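The values are calculated or read from the model by the stated rules, or taken from the named source; none is laboratory data. Only a predicted model underlies this, so the values are computations on that prediction, with no experimental measurement involved. Cβ placement follows ideal geometry from the backbone for every residue including glycine, while neighbour counts extend to all protein chains displayed. Calculation scope for accessible area: heavy atoms of the full protein, side chains included, ligands and nucleic acids excluded. Shrake-Rupley method; radii C 1.70, N 1.55, O 1.52, S 1.80 Å.
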4 protein chains.
Amino acid sequence: MVKLAENRYGKSRVRLVRVKRHADRHDLREWTVQILLHGDFESCFTDGDNSKILPTDTMKNTVYSLARNSSADCIEDFAKELVAFLLSRNPQVSAAEITVSECTWEHATLSGKPHPTTFVQASRELQTTTATRARSGAAKVVSGVENLVILKTAGSAFTGYIKDALTTLPETRDRLFGTAVSANWTYGVGDSTCAELRPKIRELLLRAFAEHQSESVQHTLYAMAQNVLDHVSEVSDIQLAMPNKHCLLVDLSRFGQDNPNEIFVPIDEPHGYIEARVTRE
Amino acid sequence: MVKLAENRYGKSRVRLVRVKRHADRHDLREWTVQILLHGDFESCFTDGDNSKILPTDTMKNTVYSLARNSSADCIEDFAKELVAFLLSRNPQVSAAEITVSECTWEHATLSGKPHPTTFVQASRELQTTTATRARSGAAKVVSGVENLVILKTAGSAFTGYIKDALTTLPETRDRLFGTAVSANWTYGVGDSTCAELRPKIRELLLRAFAEHQSESVQHTLYAMAQNVLDHVSEVSDIQLAMPNKHCLLVDLSRFGQDNPNEIFVPIDEPHGYIEARVTRE
Amino acid sequence: MVKLAENRYGKSRVRLVRVKRHADRHDLREWTVQILLHGDFESCFTDGDNSKILPTDTMKNTVYSLARNSSADCIEDFAKELVAFLLSRNPQVSAAEITVSECTWEHATLSGKPHPTTFVQASRELQTTTATRARSGAAKVVSGVENLVILKTAGSAFTGYIKDALTTLPETRDRLFGTAVSANWTYGVGDSTCAELRPKIRELLLRAFAEHQSESVQHTLYAMAQNVLDHVSEVSDIQLAMPNKHCLLVDLSRFGQDNPNEIFVPIDEPHGYIEARVTRE
Amino acid sequence: MVKLAENRYGKSRVRLVRVKRHADRHDLREWTVQILLHGDFESCFTDGDNSKILPTDTMKNTVYSLARNSSADCIEDFAKELVAFLLSRNPQVSAAEITVSECTWEHATLSGKPHPTTFVQASRELQTTTATRARSGAAKVVSGVENLVILKTAGSAFTGYIKDALTTLPETRDRLFGTAVSANWTYGVGDSTCAELRPKIRELLLRAFAEHQSESVQHTLYAMAQNVLDHVSEVSDIQLAMPNKHCLLVDLSRFGQDNPNEIFVPIDEPHGYIEARVTRE
């Protein structure tokens, strides 16, 4: 005999562009939404009974319909609205989990000034949030950033590690340190809005990365997490995942040349991978 | 005050091609390995002390050195060897987690016969396994398949679902059902080897998908999981994730044509998403 | 003063799934179509006059409408139908260029037999064709294959090349030779249909690759092209592009191990790249 | 009898990071280089004679060795150096073609100021150049930009086009116009350096896109090309390719809502595609 242990379902990659037309400028947002529902869906799996199934096509329609009426101007508020709407209309749903990611469009700069109705997609970096709520509980909001690609050319060393018969890596007090940060932080209580906190947290991450005397990826990851927790009381914990995107120093001595930390080969694979979650004591 | 709550680190995307040269033919395997270690690494994060850090570069070397000596001819055995090796040599490591994925190379068929030393990369499908072991425990092996792209043109319906003000999807008793299956099953005790069980499990998944009278993705997902658990006693549970890769029937009536379930637009986004874990009672 | 020198426009990535429902089995085809038109469009560019512009949205509709009525069962015939249709209905168009690519769906094999209505996407390989015709000329059909990923573990050497101060590559009489072939051949006159010739040409490419004693990628590329031209009179020329997807022999001597051509690191970048066109004299 | 009609070969995706360490800041460049050589290589193809073959591995070494000595601080100068070096050292080469693309790294901004040694990868946009030279000729330099992703929310219409039985697209005087520009311009004679001209050309493209009252993609493409040619005498022609990355207005009337050009679905496929080359008369 077998049984259903866990399940969830929903709609992924619902893409949305929203334009707000102000007198002096337009605002442009591009969001990608994922909806996942938990609930009493067992009869669908075991008996083919769809009577408790909200079609994923309807979820897609819901995103667009709500977006039209929504006053949310950050992804966190829109995610919370979607959670509330789906729970209120679907008694068979026990918990809803909405993830929204935003890709960055900036006003084009012409002669140093932003053009009011023209936009440039500035970056591959994504701003993200996941709002989850069980029917009987409070909403949990985890916001983050994906693919924040950064590199520092000073202040990074890696020495003092374990050496064994399989070690070939030389120690260095001066290396390039490149990564693509994925950060996810949990909001607790506080007075500031998510829209206010996001740029502040992003800059705290960047500043710690920039100013840290790094002895390892782990060492700097912790400093970045600590900088956020030290300066933003609204954040209760933060998880960081940081691949070590290696830049290998090219051996030019074979050609009679030196290479004073100037010419590197960036490689995509293999890469180191470090992740940790840092909380308040 | 902040503290380190959780952490792990390792090396990703260590790629390996292994050739075995038999008298009458060669065997070719291409594996991609990920190593993740848990352990007593707190001083590295908080103090920049690398004395307990096995460099991820050494992990990479370990993969190649072990592969040369290994007699493993399936990814599960190689993953378990790597776990054992890393735990035995690194007392600071409390648990090791090794994931290996294999992409499929088949002997090229010429005039209906396999050529002994020429290979074709047959598919995007990946065979996967993750072996994990804490220092004091037994190894857990979860094997699976990624990106098994399948589609059925008969035996799939979707009716009887919730209708509300946001519903626009028409019911259908005859639709295309396409998906890209991700499956992960846990091995318990039994007499068969992983190498013997894998093709059997894959065919059980395919057969259930093919023969099921589907009332929904959920309904068929469950039938596929049940088919594996019913016929392979070595599997203790199975998790399936199945996006609904929609093929939309084109409305040709605008051009005075009918469309008797013949012409469809396949779309990548948005897509439905269903996942569940099925266990033994 | 500036002027329009060249232009073309059309629709890309029009995706289509077509199901033919026979009594004993279904056939499934997935095609992606690109339409490009040349013609008298200058006033559109210079004056914003759209009176000669067939909207790309209409081109998309055309693909679906024609697919419903078409009896084409290979991509070459469908491409030629589209060319003829567009030229006949649009006097402002001087030439049309249609590219169709097909991804491979095979009937799922269960207990050794093909299931009539269930399909597996077998490969990343694409079958392609481009049909072009100027209003006053004959159609030209160039068919091909993209991403035919193959590797041979015997019969490949690379020696006798130029050595200079920047050479570090060692010569070898026994290396792995992996590539992802892009082939494009032009059909001339002949009795066989494109549908008959395609599998024959593909096997001729594979056989030459497999059986050739390769002194370089160039050497084998030429043998593959020659094999097609020698055996298929309907092909007037063939172009092949073959990246050299290097597999680097791992130096295990650092760990006291030998490596008798057994353990390799496959790398995606950088890669060698060789292309040539071979014709009849 | 068959013969070699055309051929070229080289190395692709040679990646390079170069750090210049000034007293007050570091400069960081990331370049990807492709080398393609034409020449007297026929005996390699037909006879397996490698005596005139410069290995692609040596080309890779050449990139790194030259980069160490080079004073080039723009991709055009580095490409021209590579062309000259390869022609001077390889008499068997009749023409060399070097493509360099640069991805953008900007100094991280902290408290509004650029950090001297920390960088953010700002964009997916690539700056590109291809320098080609036959042994006996002058170098030709074509520079460009890839994947300049832009969108305008005002000043874009599409009306007055051909209507036929397959037309379903409604006319509009107010639509979103999004694209990912690929531009390639040819440098002729002039006093300014490529490094000076690039940002000027990029802004001329952006300004024309922003300020144009667009009747079609073609119409705006031409205005962008004209703006460059009118203001940069050093450019002799320019080619632009602009996919029409459609944003579809969502029909909310089904849910009793209006949609005053506010909520859109961006789609990746299918997409319109327009390309043209504009020259001086």
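Taking segment B:29-52 as the range and being open to solvent by less than 10 Å² (accessible area, probe 1.4 Å) and either in contact (Cβ under 8 Å) with a residue 60 or more places away in the chain or polar (S, T, N, Q) (or both) as the test, the residues that pass are B:31, B:33, B:35, B:36, B:37, B:50. All conditions in (1) in a strand (DSSP E or B); (2) open to solvent by 40 Å² or more (accessible area, probe 1.4 Å) hold for residue C:77, with the sole exception of (1). If you take the residues of segment D:1-19 that are open to solvent by less than 10 Å² (accessible area, probe 1.4 Å) and of a type in the set (Val, Ile, Thr), which of them is farthest from the chain's Cα centre (by Cα)? Applying the filter and picking the extreme gives D:19.
Out of (1) more than 11 Å from every other protein chain (Cβ to nearest Cβ); (2) among the hydroxyl-bearing types (Ser, Thr, Tyr); (3) open to solvent by 40 Å² or more (accessible area, probe 1.4 Å), the odd one out for residue C:143 is which? For residue C:143, the failing item is (3). Considering only residues that are closer than 30 Å to residue D:98 by Cβ, in contact with a Lys or Arg (Cβ under 7 Å, 6 or more places away or on another chain) and charged (D, E, K, R), look in segment C:246-275 and name the one that is farthest from the other protein chains (Cβ to nearest Cβ). Checking each candidate, the answer is C:275. Note on segment A:100-141: residues that are in a strand (DSSP E or B), of a type outside the set (A, V, I, L, M, F, W, C) and closer than 30 Å to residue A:88 by Cβ amount to 9. Specify which of the listed residues (D:230, D:191) is at the interface with chain C (Cβ under 9 Å from one of its Cβ atoms) and of a type in the set (Asp, Glu). The conditions single out D:230. Does residue C:37 count as part of a strand (DSSP E or B), touching an Asp or Glu at 6+ places or on another chain (Cβ under 8 Å) and not β-branched (Val, Ile, Thr)? Spelling it out, residue C:37 is indeed part of a strand (DSSP E or B), touching an Asp or Glu at 6+ places or on another chain (Cβ under 8 Å) and not β-branched (Val, Ile, Thr). For segment D:109-123, state whether one or more residues are among the aliphatic types (A, V, I, L, M), on the phi < 0 side of the Ramachandran plot and modelled with pLDDT under 95. The answer is yes; a qualifying residue exists. Being without any contact (Cβ under 8 Å) to a residue 40 or more places away in the chain and in contact with a Gly (Cβ under 8 Å, 6 or more places away or on another chain): is that true of residue C:271 here? In short, no.
Once segment C:38-64 is narrowed to residues that are small (Gly, Ala, Ser) and more than 32 Å from the chain's Cα centre (by Cα), the residue that is farthest from the other protein chains (Cβ to nearest Cβ) is C:43.
Filtered by the rule that a residue be in contact (Cβ under 8 Å) with a residue 40 or more places away in the chain, among the polar types (S, T, N, Q) and open to solvent by 20 Å² or more (accessible area, probe 1.4 Å), segment C:129-140 gives C:130, C:132. For first residues located in segment B:7-21 and more than 7 Å from chain A (Cβ to nearest Cβ), partners that are open to solvent by less than 10 Å² (accessible area, probe 1.4 Å) and among the small types (Gly, Ala, Ser) and lie 6+ apart or on another chain with Cβ distances below 7 Å form the pairs B:16/B:67; B:18/B:67. Scan segment B:90-112 for residues that are under 22 Å from residue C:181 (Cα atoms), touching a strand residue (DSSP E or B) at 6+ places or on another chain (Cβ under 9 Å) and not aromatic (Phe, Trp, Tyr) and the total you get is 8.
There is at least one residue in segment B:87-105 that is in contact with a His (Cβ under 6 Å, 6 or more places away or on another chain) and surrounded by fewer than 19 Cβ atoms within 10 Å (Cβ to Cβ).
With respect to residue C:64, is the statement that it is within 30 Å of residue A:257 (Cβ to Cβ) and surrounded by 16 or more Cβ atoms within 10 Å (Cβ to Cβ) true? No.
Applying the condition of being crowded, with 18+ Cβ neighbours inside 10 Å and in contact (Cβ under 8 Å) with a residue 60 or more places away in the chain to segment B:106-120 and asking which residue is farthest from residue B:74 (Cα to Cα) yields B:117. For segment B:77-129, give me each residue that is within 17 Å of residue B:58 (Cα to Cα) and among the aromatic types (Phe, Trp, Tyr). Passing the criteria: only B:85. Please tell me if residue B:153 is within 18 Å of residue B:218 (Cα to Cα) and either not assigned by TED's automatic domain parsing to the domain that holds residue B:200 or not aliphatic (A, V, I, L, M) (or both). It is true that residue B:153 is within 18 Å of residue B:218 (Cα to Cα) and either not assigned by TED's automatic domain parsing to the domain that holds residue B:200 or not aliphatic (A, V, I, L, M) (or both).
For segment A:142-173, a residue qualifies if it is part of a loop (DSSP other than H, G, I, E, B), under 29 Å from the mean Cα position of the chain (by Cα) and in contact (Cβ under 8 Å) with a residue 40 or more places away in the chain, and the qualifying residues are A:155, A:157.
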